[in-house]
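Below: one structure, written as structure tokens.
The values are calculated or read from the model by the stated rules, or taken from the named source; none is laboratory data. Keep in mind it's a predicted model, so treat the numbers as computed, not measured. Here the Cβ positions follow ideal geometry from the backbone for every residue, glycine too, while neighbour counts run over all protein chains shown. We work out accessible area using only protein heavy atoms, side chains counted, and drop any ligands, DNA or RNA first. Shrake-Rupley method; radii C 1.70, N 1.55, O 1.52, S 1.80 Å.
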Amino acid sequence: MEIQQIKYFINVARYKSFTQAAAKLFVTQPMLTRVIKQLEAELGVKLIERTSKYFRLTDAGELFYQKAERFLLEYDDMFYSIKDLCCGRVGNVRLSIPSVLLDIYFPPILSQFKLEQPGVDISVTEEGSKMVANAVASGRADLGLAMLPLEEQDRFDVQVLISNVCQVAVNRNHPFAKLPSVHIRDLEHQSILTFSETATLHDMFISLCGEYGFTPRIAYKSLTHGFISSMIAMDQCIGVLPLPIIQQGLSGELVTIPLHPVIPWDIAIIRRREGYHSFASSKLYEFIRDYFSKLEYHSGSLHDGRGSAGRFPAVCAEINES
């Protein structure tokens, strides 16, 4: 039994006429009659009784008609559902991302993506970059945003979205506020706020301080943007943080100062290199990549203690690991 046979029978039963059904299906009446006879022979029952004066379905024909209509609806629904899935219009995507990135960048990204792909559901987990990499590598997340470098980076497809640097953020009354730059050695006796242990930046900062012979006094560790800005603004500590993150909380109370040596802040979207990527996750991956590649970041005043203004770029580049 073929789908085409079922479709032909449904049209004959619906119109109660071989002539009208043949015209609707753009086939000849003899061909339609032959198909129905083949279907009856395959089923071993008579489905239609007709003479020159009347047309009716047999009991078997009525039952087959009811079942066939439901089957055809399910068949069409399956076909279009698969088509939607393959086009990325439906599905589920698990996204792992640090909360500071989610807060600053992703409300418009997720909102715009949902408008374009309303059938795709996105489940978001907030965690630091090291946890993001673990989640993606283990299959707990489909996509992740993380600071580079990653441990065993060749496990992932890596697309750089943002290239920037970390700077020092202080209250405008802090002695550092008048300096053109700060060296990492100058931080030895300062109370410092930086990202928590789950963030790659935490380890990079601690390691850099160790290279210059001291262990920093970490007063606070946080990935919460509002808390970070408030504590620095109240002069409770100084921050060693990514410049774009600091700039989001800049006010008259905060000043940023370049840090030397430079701590780069490169943020990438990652997914497993090996294994299956769902159509929906591929759509979101491409959407995020394209969004950042087109976006211009206007930083406004950098508040670096010298009244300068500038811009910081988003650089979108694929990293191919050999």
Most fluctuating of 59, 290, 266 in the GNM of the chain (C-alpha, under 10 Å) is 59
To the nearest 20 debye, the chain has a Cα-centred charge dipole, built from +1 on Lys and Arg Cβ and -1 on Asp and Glu Cβ, of 1460
Relative contact order of the chain (C-alpha contacts under 8 Å, at least 6 apart) in percent is 21
Out of 211, 274, 40, a Gaussian network model of the chain with alpha-carbon springs under 10 Å gives the largest mean-square fluctuation to 40
Probe 1.4 Å, all chains present, heavy atoms only: residue 198 accessible area in Å², nearest 10, is 50
The answer for the longest stretch of the chain without any exposed chymotrypsin sites (Phe, Trp or Tyr not before Pro) (DSSP loop, at most 15 further Cβ atoms within 10 Å) is 55-211
Helix 99-116: inclination vs the chain longest Cα principal axis, degrees, rounded to 10, gives 30
So the carbon and sulfur contribution to the accessible area of segment 227-294, 1.4 Å probe, in percent, is 52
Other residues with Cβ under 12 Å from the Cβ of residue 143 give, with Lys and Arg +1 and Asp and Glu -1, a net charge of +3
Tilt, helix 29-43 to longest principal axis of the chain (alpha-carbon atoms), in degrees rounded to tens, equals 80
Close lysine pairs (the chain; alpha-carbon distance under 21 Å; 8 or more apart or on separate chains) counted at 22
Net charge near residue 47 (other residues with Cβ under 11 Å of its Cβ; Lys, Arg +1; Asp, Glu -1) is -1
Summing +1 per Lys or Arg and -1 per Asp or Glu among the other residues with Cβ less than 15 Å from residue 111's Cβ gives -2
